[in-house]
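S.K.: First the structure, then my questions, so here it is.
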Amino acid sequence: MTAPIREPSFRESVDLMFNRAVALMDLPPGLEEKIRVCNATYTVRFGVRLRGQIQTFTGYRSVHSEHMEPVKGGIRYSLAVNQDEVEALAALMTYKCALVEAPFGGSKGGLCIDPREYEEDELERITRRFAYELIKRDLINPAQNVPAPDMGTSEREMSWIADQYNRMNTTDINARACVTGKPLDGGGIAGRVEATGRGVQYALREFFRHPEDVAKAGLEGGLDGKRVIVQGLGNVGYHAASFLSGEDGCRITGIVERDGALYNPAGLDVDAVRAWILKHGGVTGFPDATHTAEGATLLETECDILIPAALEGVINMGNAERIKAPLIIEAANGPVTAGADDILRQKGCVIIPDMYANAGGVTVSYFEWVKNLSHIRFGRMQRRQEEARHELIVRELERLDHMLGDAWNLSPDFKKRYLRGADEQELVRSGLDDTMRTAYQKMREVWHAREDVQDLRTAAYLVSIDRVAASYRAKGL
């Protein structure tokens, strides 16, 4: 009797993909091992008095690599949180930061909790105690370890953590930089909430700027009219779907959620679906679409682009053969297992990997961290000066317009649009767009230049590992 093939875990998948890349590199064994291993993982168990009794919670903070400091990585709240998952996510953060040239090492945190089971005041007490345990060990610190939101957390939790750090470090002038993803009124930055979804959009735009790459996926043309299925309409999936449908002309034909999936070949109204989920807790009963209780089956429906934007391992060895999408972009961390990755590559499917595709969050977190350290919002110094310079050009154009009369006229709204200086959100989007373009071009350069590199994931690992290795060499290792 043949033993069933075992699906690699998320941690094993990251290691397998790392191994595939380093096999193509000429690294000393000692340096290879130094990059591979997780430097440290702290496990904390703490009690909080809730509802008349003490409840004990287990949390983790893992530091994968300190080739650059501070280290960076989100904190997630989920019952599925465990040490292996946190260490795998920390490793991905190392490679992700290196790929997009954010000057951080990789870290990750998690609390084993279902946040939906607690009232807001209870969740605040739990969060503050978890933060206290990490802060007193310098596992939250503007110069050493900077968390951000992840699955199950948001700017609300980050605001609580920042306030807790400030209470414990009252003379630290850079206290706000201890965490990113904060609300705007609490030291955050415009564009951070949308950042990961916006990064997915920019990644796809850059991919479709290269006809040769588009052809590898068996597609042609641009994003306009492309059929898209999104798995998970949380923060990342919602913003990616909203931007792609509203700004790039994509049709969101399918949305997969916890309680099933919606399908409409003519396209779904993303905002309407989002509003329905917030009101009813799921997609069941949404009008103008076909509802399927077994939502995972929709991943196997024909489409042009599949966007897994929620959990790890949703595309695995059990369903990879049935996936029909020619292009997958990993908006979540680790949605395609190593086993499924092999199957999909053999089928000719192009995968835009997670360490690149969802790097928008850490990129804009980097901008927020810089803003907090500089103590000034982006655009404050140069926006009006930029407008003044534009005013000189507009006046000259208006003078020419008056001289030439009907022979040449300025567009009615040209002056208004041209004179307006860039605000913080526009500058953040510009920086994110530039980052995503530059990182993709570096990946595709390796993808196309080397015959032994058959996919973008391997190319991304090669670029990232090479940069981490260079940092360690510069330190004298």
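The values are calculated or read from the model by the stated rules, or taken from the named source; none is laboratory data. Just so we're clear, the structure is a prediction, and the values are computed from it rather than from any experiment. Please note: Cβ atoms are built from the backbone with ideal geometry, for glycine as well, and neighbour counts cover all protein chains shown.
S.K.: Scan region 412-463 for residues that are assigned to a loop (DSSP other than H, G, I, E, B) and closer than 21 Å to A190 by Cβ and report the count. Spell out how you get there, then give the answer.
M.R.: We begin by selecting, within region 412-463, every residue assigned to a loop (DSSP other than H, G, I, E, B); these are 412-413, 420-423, 450-455.
Next cut, closer than 21 Å to A190 by Cβ only: 420-423.
Count: 4.
S.K.: Say whether the condition of being among the hydrophobic types (A, V, I, L, M, F, W, C), surrounded by 14 or more Cβ atoms within 10 Å (Cβ to Cβ) and either out of contact with any helix residue (DSSP H, G or I) (no Cβ under 6 Å at 6 or more places or on another chain) or assigned to a helix (DSSP H, G or I) (or both) is met by at least one residue in region 374-393. Don't jump to the end; show me each part of the working.
M.R.: So the first thing to find is which residues in region 374-393 are among the hydrophobic types (A, V, I, L, M, F, W, C), and the list is 376, 378, 381, 388, 392-393.
Within this subset, residues satisfying the condition of being surrounded by 14 or more Cβ atoms within 10 Å (Cβ to Cβ) are 378.
Next cut, either out of contact with any helix residue (DSSP H, G or I) (no Cβ under 6 Å at 6 or more places or on another chain) or assigned to a helix (DSSP H, G or I) (or both) only: none.
Scanning region 374-393 turns up no residue that is among the hydrophobic types (A, V, I, L, M, F, W, C), surrounded by 14 or more Cβ atoms within 10 Å (Cβ to Cβ) and either out of contact with any helix residue (DSSP H, G or I) (no Cβ under 6 Å at 6 or more places or on another chain) or assigned to a helix (DSSP H, G or I) (or both).
S.K.: Step by step: first the residues of region 31-43, then only those that are without any contact (Cβ under 8 Å) to a residue 40 or more places away in the chain and over 25 Å from the mean Cα position of the chain (by Cα), then the one that is surrounded by the fewest Cβ atoms within 10 Å (Cβ to Cβ). Which residue is that?
M.R.: Applying the filter and picking the extreme gives E33.
S.K.: Looking at A261, A296, which one is touching a His at 6+ places or on another chain (Cβ under 8 Å) and within 30 Å of R192 (Cα to Cα)? Even if it seems obvious, please write down each step before you answer.
M.R.: Numbers: A296 fails: touching a His at 6+ places or on another chain (Cβ under 8 Å).
Answer to the check: A261.
S.K.: Scan region 164-177 for residues that are more than 22 Å from the chain's Cα centre (by Cα) and either among the small types (G, A, S) or not assigned by TED's automatic domain parsing to the domain that holds E117 (or both) and jot them down. Spell out how you get there, then give the answer.
M.R.: So in region 164-177, the residues more than 22 Å from the chain's Cα centre (by Cα) come out as 164-175.
Correct list: A175 only.
S.K.: Output the residue which, of all residues in region 354-390 that are aromatic (F, W, Y) and under 18 Å from C97 (Cβ atoms), is nearest to the chain's Cα centre (by Cα). Steps first, answer last, please.
M.R.: If we filter region 354-390 for residues that are aromatic (F, W, Y), which is where we start, we get 356, 366-367, 369, 378.
Then drop every residue that is not under 18 Å from C97 (Cβ atoms), which leaves 356, 366-367, 369.
Working: Y356: 8, Y366: 13, F367: 14, W369: 16 Å.
Filtering first and then ranking leaves Y356.
S.K.: Does region 324-360 hold any residues that are assigned to a loop (DSSP other than H, G, I, E, B) and within 21 Å of A90 (Cα to Cα), and which are they? Full working, then the answer.
M.R.: Going through region 324-360, the residues assigned to a loop (DSSP other than H, G, I, E, B) turn out to be 324-326, 330-335, 337, 348-349, 353, 358-359.
The answer is E330, A331, A332, N333, G334, P335, T337, P353, N358, A359.
S.K.: Sort through P70, P103 and tell me the only one that's in contact with a strand residue (DSSP E or B) (Cβ under 8 Å, 6 or more places away or on another chain) and surrounded by fewer than 24 Cβ atoms within 10 Å (Cβ to Cβ). Talk me through it step by step, then tell me what you get.
M.R.: Working: P103 fails: in contact with a strand residue (DSSP E or B) (Cβ under 8 Å, 6 or more places away or on another chain).
After ruling out the rest, the residue left standing is P70.
S.K.: Right, here's the next one. Which pairs have Cβ atoms under 7 Å, sit 6 or more apart or on different chains, and link a residue in region 135-163 that is outside the structural domain of A310 (by TED's automatic domain parsing) to one that is part of a strand (DSSP E or B) and surrounded by fewer than 18 Cβ atoms within 10 Å (Cβ to Cβ)?
M.R.: R137/Y42; L139/Y42
S.K.: For region 1-22, how many residues are of a type in the set (A, V, I, L, M) and either assigned to a helix (DSSP H, G or I) or surrounded by 10 or more Cβ atoms within 10 Å (Cβ to Cβ) (or both)?
M.R.: To start, the set of residues in region 1-22 that are of a type in the set (A, V, I, L, M) comprises 1, 3, 5, 14, 16-17, 21-22.
Add one more test, that the residue is either assigned to a helix (DSSP H, G or I) or surrounded by 10 or more Cβ atoms within 10 Å (Cβ to Cβ) (or both), and what stays is 14, 16-17, 21-22.
Adding up the residues that qualify gives 5.
S.K.: Quick one: in region 435-462, of everything that is out of contact with any strand residue (DSSP E or B) (no Cβ under 9 Å at 6 or more places or on another chain) and of a type in the set (D, E, K, R), which residue is surrounded by the fewest Cβ atoms within 10 Å (Cβ to Cβ)?
M.R.: Filtering first and then ranking leaves E451.
S.K.: Of the residues in region 21-52, how many are touching a Ser or Thr at 6+ places or on another chain (Cβ under 6 Å) and farther than 30 Å from T127 by Cα?
M.R.: 1
S.K.: Restricting the first residue to region 49-60 and requiring it to be assigned by TED's automatic domain parsing to the domain that holds D121 and in contact (Cβ under 8 Å) with a residue 60 or more places away in the chain, which pairs with a second residue that is surrounded by 10 or more Cβ atoms within 10 Å (Cβ to Cβ) and part of a loop (DSSP other than H, G, I, E, B) meet a Cβ separation below 9 Å and a spacing of at least six or different chains?
M.R.: From region 49-60, the pairs are L50/Y118; F57/C112; F57/I113; G59/V81; G59/C112; G59/I113.
S.K.: Test L92 against the stated conditions and say whether it is closer than 23 Å to T363 by Cα and assigned to a helix (DSSP H, G or I). Explain how you work it out, then say what you get.
M.R.: Details: closer than 23 Å to T363 by Cα: yes; assigned to a helix (DSSP H, G or I): yes.
Yes.
S.K.: Please state which of the following conditions Y356 fails to meet, knowing it meets all the rest: (1) out of contact with any helix residue (DSSP H, G or I) (no Cβ under 9 Å at 6 or more places or on another chain); (2) at pLDDT 95 or above.
M.R.: Y356 satisfies all of (1) out of contact with any helix residue (DSSP H, G or I) (no Cβ under 9 Å at 6 or more places or on another chain); (2) at pLDDT 95 or above except (1).
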